[in-house]
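Peer 1: If you scroll down you'll find the structure; I have some questions about it.
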Amino acid sequence: MGPLLNRIGTVFIPVRNIERARDWYCDILGFPADGEILFGHLYILPMQGTQIVLDSKIYAEEHTFKTPAFHFDTEDIKEAYAYMQSKNVNLTTPIEHDHWFNFQDPDGNMLMVCKC
């Protein structure tokens, strides 16, 4: 085994406004938006497993995710879809193959929810 571990530590998501992005992601993920914004441009979402860091310093429209780089897990894809609809999230696909759907965050990043 080499010096690199076979796991992903963190995914960085480029966002325009760190406070607005923090509030939006915390809302859809069910977290209180009370964590500290680091260095004026970073917010670490309290995820289980791989971390997500929102970063307003790296934002540029050409850096937003045009295709999902990862997916959020769900045990019930229909409930997740209905929940995202209730939050007025920009859903970009219907539920595909009873297994996944895509959506966009307010900054245009394409993200995915997938049944685990």
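Bear in mind these aren't lab numbers, they're just calculated from the coordinates by the rules spelled out. Please read these numbers as outputs of a predicted model, since none were measured by experiment. Don't worry about glycine lacking a Cβ; one is built from the backbone with ideal geometry, like all the others, and counts go over all protein chains shown.
Peer 1: Mind listing the Cα extents of region 1-70 along all three principal axes, in Å, largest one first?
Peer 2: Each principal axis gives a Cα extent; for region 1-70 these are 41, 29, 24 Å.
Peer 1: Separate question: Which percent, nearest 5, of DSSP beta bridges in region 2-74 are antiparallel?
Peer 2: Taking every DSSP beta bridge within region 2-74, about 50 percent pair in antiparallel fashion.
Peer 1: Given +1 on the Cβ of Lys and Arg, -1 on the Cβ of Asp and Glu, and no further charges, what dipole in debye does region 1-101 carry about its Cα centre, rounded to the nearest 20?
Peer 2: Here the size comes out at about 300 debye.
Peer 1: Which of the trypsin sites (Lys or Arg not before Pro) across region 1-102 are loop residues per DSSP, with 14 or fewer other Cβ within 10 Å?
Peer 2: R7, R16, K57, K66, K87
Peer 1: Amide H to amide H, which residues 5 or more places from Q51 or on other chains are under 5 Å from it, using H placed in the peptide plane?
Peer 2: T10, V11
Peer 1: Using only helices, what value at 222 nm comes out for the chain when you add -39,500 (n - 2.57) per DSSP H run of length 4 or more and divide by the total residues, to the nearest 500 deg cm²/dmol?
Peer 2: -5500 deg cm²/dmol
Peer 1: Further, regarding this structure: Per residue, what volume in Å³ does the convex hull of the Cα atoms of region 10-115 enclose?
Peer 2: Per-residue hull volume (Cα only) is 96 Å³.
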